[in-house]
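Peer 1: Below you'll find the structure I mean.
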Amino acid sequence: MNTVTFRTAERKDAALILDFIRALAEYENMADEVVATEELLEEWIFDKQKAEVIFICENNAEVGFALYFHNFSTFLGRAGIYLEDLFVKSEYRGRGYGKALLKQLAKIAVERGCGRLEWWCLDWNKPSIDFYKSMGAAAMDEWTTYRLTGDTLKELAGECCDG
């Protein structure tokens, strides 16, 4: 019988976290966009404590992960959890590990008094969309996501964008 456990990531897991990020990016056809490094993950997750990671393990081997952080709802007047990444290795899918990770995050959110758990999903990712809907998640179709990055972000911040 397989033993399934969760564990919180530690600094020594930076390479493993990056491996999961790269696997997710490959799945999403976005591998060329990953610029994260082990050093950046150590700095932002462990030194600056801007995100958290949990692993789901089968027989003590990490088979999936979730990276998340707190956001804040002014309407609710409390924090929420934003799930940035959830990924289960392909050979372990269909065993309930994705649902178990979401349940664990919901438990963390409730224990911390958070008002909600939310995430984005790519429009083309029908298997994930169906999975999320099967658990009662509601699509926020009336909202459009906007993003500033790179030179555009620097320009808005008033920085020079040349070199």
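The values are calculated or read from the model by the stated rules, or taken from the named source; none is laboratory data. Not measured: the values here are computed from a predicted model. Glycine also receives a Cβ, built like all others from the backbone with ideal geometry; neighbour counts cover every protein chain displayed.
Peer 1: Could you please let me know if G98 is in contact (Cβ under 8 Å) with a residue 12 or more places away in the chain and surrounded by 11 or more Cβ atoms within 10 Å (Cβ to Cβ)? Steps first, answer last, please.
Peer 2: On the way: in contact (Cβ under 8 Å) with a residue 12 or more places away in the chain: yes; surrounded by 11 or more Cβ atoms within 10 Å (Cβ to Cβ): yes.
Answer is yes for this residue.
Peer 1: For the stretch 129-147, give me the residue count where each residue is part of a loop (DSSP other than H, G, I, E, B) and surrounded by 10 or more Cβ atoms within 10 Å (Cβ to Cβ). Explain how you work it out, then say what you get.
Peer 2: First, the residues of the stretch 129-147 that are part of a loop (DSSP other than H, G, I, E, B): 135-147.
Still in the list and also surrounded by 10 or more Cβ atoms within 10 Å (Cβ to Cβ): 135, 137, 139-140.
Of the residues in the stretch 129-147, 4 are part of a loop (DSSP other than H, G, I, E, B) and surrounded by 10 or more Cβ atoms within 10 Å (Cβ to Cβ).
Peer 1: Also, quick follow-up: Any idea which residue in the stretch 109-163 is nearest to L83 (Cα to Cα), counting only those that are in contact with a strand residue (DSSP E or B) (Cβ under 7 Å, 6 or more places away or on another chain) and small (G, A, S)?
Peer 2: Step by step, filter the stretch 109-163, then rank; the result is A109.
Peer 1: Let me ask another. Could you say which residue among A9, A23, A51 is of a type in the set (G, A, S), out of contact with any Leu (no Cβ under 6 Å at 6 or more places or on another chain), modelled with pLDDT of 95 or more and closer than 19 Å to Y82 by Cβ? Let's see the steps before the verdict.
Peer 2: Details: A23 fails: closer than 19 Å to Y82 by Cβ; A51 fails: out of contact with any Leu (no Cβ under 6 Å at 6 or more places or on another chain).
Selected residue: A9, the only one of A9, A23, A51 that is of a type in the set (G, A, S), out of contact with any Leu (no Cβ under 6 Å at 6 or more places or on another chain), modelled with pLDDT of 95 or more and closer than 19 Å to Y82 by Cβ.
Peer 1: Count, please, the residues in the stretch 128-153 that happen to be more than 28 Å from R78 (Cα to Cα) and at pLDDT 90 or above. Talk me through it step by step, then tell me what you get.
Peer 2: Here is the first cut: in the stretch 128-153, the ones more than 28 Å from R78 (Cα to Cα) are 130, 150-152.
This time we only want the ones that are at pLDDT 90 or above, so: 130, 151-152.
Final tally of qualifying residues: 3.
Peer 1: List pairs: first residue in the stretch 57-71 and surrounded by fewer than 19 Cβ atoms within 10 Å (Cβ to Cβ), second residue at pLDDT below 95 anywhere in the structure, Cβ distance under 6 angstrom, at least six positions apart or on different chains.
Peer 2: So the pair list comes out as E58/N2; N59/N2; N59/T3.
Peer 1: Right, next: In the stretch 32-53, which residues are free of Cβ contacts under 8 Å to residues at least 24 places away in the same chain and outside any helix (DSSP H, G or I)?
Peer 2: If the condition is that a residue be free of Cβ contacts under 8 Å to residues at least 24 places away in the same chain and outside any helix (DSSP H, G or I), then V34, V35, A36, T37, K48, Q49, K50 are the ones that fit.
Peer 1: Among the residues of the stretch 1-35, what is the count of those that are of a type in the set (G, A, S) and within 21 Å of R95 (Cα to Cα)?
Peer 2: Taking the stretch 1-35 as the starting set, the residues that turn out to be of a type in the set (G, A, S) are 9, 14-15, 23, 25, 31.
If we keep only those that are within 21 Å of R95 (Cα to Cα) too, we end up with 23.
Looking only at that region, the number is 1.
Peer 1: Would you mind finding the one in G64, G98 that is in contact with a helix residue (DSSP H, G or I) (Cβ under 8 Å, 6 or more places away or on another chain), in a helix (DSSP H, G or I) and of a type outside the set (A, V, I, L, M)? First the steps, then the outcome.
Peer 2: Values: G64 fails: in a helix (DSSP H, G or I).
On inspection, the qualifying residue turns out to be G98.
Peer 1: Condition test on K89, is it more than 24 Å from V53 (Cα to Cα) and surrounded by 10 or more Cβ atoms within 10 Å (Cβ to Cβ)? Break it down stepwise before answering.
Peer 2: On the way: more than 24 Å from V53 (Cα to Cα): no; surrounded by 10 or more Cβ atoms within 10 Å (Cβ to Cβ): yes.
For K89, the condition - more than 24 Å from V53 (Cα to Cα) and surrounded by 10 or more Cβ atoms within 10 Å (Cβ to Cβ) - is not met.
Peer 1: Taking only pairs six or more apart or across chains, which ones have beta-carbon atoms under 6 Å, a first residue in the stretch 1-14 that is assigned to a loop (DSSP other than H, G, I, E, B), and a second residue that is among the charged types (D, E, K, R) and surrounded by 14 or more Cβ atoms within 10 Å (Cβ to Cβ)?
Peer 2: N2/E58
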